[in-house]
Structures are given as C-alpha cells and as structure tokens.
Amino acid sequence: DMEQEKPVEVIMLAEGHKVGDTLADEPRDVGLGKQSNNAQCSNDSSNRPVALYMPNILCYFRIIFSFSGFHYSMKQKPIMALHVWTAAAVLDLIDGPAARTLHQCSQLGILLDVIADNILRTVIWISSIIQSTTYGDTTSS
C-alpha cells in the first residue's frame, strides 16, 4: 500500500503573535469613534476627537470629491470630473499611510475608508451608465 501524503498546513502569524496564541489573545473590537488597538497605531498624543483625525478628514474630502465629480460629469465637463475623481483616488492612497504615521487609526477611519471607496466606485459607474445611455455610440454616422 502506498501511503497518502497528508496536506501540510501553513500558518501565518501576524506580527507580535506566537504559536499557541488563541482568539482570546486578540484585541477586542473598540467600536466606532474609539481608537484602534492596532500595534502600528499606538496612541494619538492630541486630544482631538476621532472624527477629526486627519485621515478621517481626508475621507470626508474623498466623499465630497466623488459627488463633485458626478456633478461635473452631468454638466458635460468630463475632464474636470476626471481630475476630481483622480484627486479622490490620490487621497485614498494617502489616508492609510497617514493614519499609521500619525498614529490615528480608528474603527471609524476603517469604516469611512470603505464607505468612501464604495461611493467613488458607484458614482463613477452611475455616471458612465448615464453618459453612455444619453449619448450612446457617437462614432457611427
């Protein structure tokens, strides 16, 4: 008889964890509006509210830029819409590293980031659909 090989499990450990850690060792969810216990984001030394953390403010601008781009798209200013949406995407690249660098990670920030991503993506899709159904194929005569 040939012995079947048993699959080998590969276990990846997060930084700061060791073999034998259990779920009970995991940090608890701190809820919205409170600072995360993430090791990369120790403590923000200022006493500012979580809603006013700089990365969260960047997310607010991303949401505003998403709708502004939609406005420009509906006003037949596609280049301006593209610039505003690009600015929102650039802010998306900045907010995560800013949160870690400034030690301003929070559950609210994580939620805002996801919401801002989804708003931008949805607004661009809706704008594209409206523009394509309104103006259709302009290449045929």
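The values are calculated or read from the model by the stated rules, or taken from the named source; none is laboratory data. None of these values were measured; they are calculated from a predicted model. No Cβ is skipped: glycine too gets one built from the backbone with ideal geometry, and neighbour counts run over all protein chains shown. What goes into the accessible areas is simple: the full protein's heavy atoms, side chains included, and nothing from ligands, DNA or RNA. Shrake-Rupley method; radii C 1.70, N 1.55, O 1.52, S 1.80 Å.
Before moving on, here are some points about what is shown:
- Only one of the numbered conditions (1) open to solvent by less than 40 Å² (accessible area, probe 1.4 Å); (2) over 18 Å from the mean Cα position of the chain (by Cα) is violated by Arg48, and that is (1).
- Within segment 80-94, the presence of at least one residue that is open to solvent by less than 40 Å² (accessible area, probe 1.4 Å) and of a type in the set (Phe, Trp, Tyr) is confirmed.
- Criterion: modelled with pLDDT of 50 or more, more than 25 Å from Ile130 (Cβ to Cβ) and open to solvent by 80 Å² or more (accessible area, probe 1.4 Å) - qualifying residue of Gln4, Gln104: Gln4
Here is a yes/no grid of residues against (1) touching a residue at least 12 places away in the same chain (Cβ under 8 Å); (2) not hydroxyl-bearing (Ser, Thr, Tyr):
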position	(1), (2)
Met80	no, yes
Ala88	yes, yes
Leu93	no, yes
Ala98	yes, yes
Ser106	yes, no
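- Residues within segment 108-141 that are in contact (Cβ under 8 Å) with a residue 24 or more places away in the chain and open to solvent by 50 Å² or more (accessible area, probe 1.4 Å), tallied: 6
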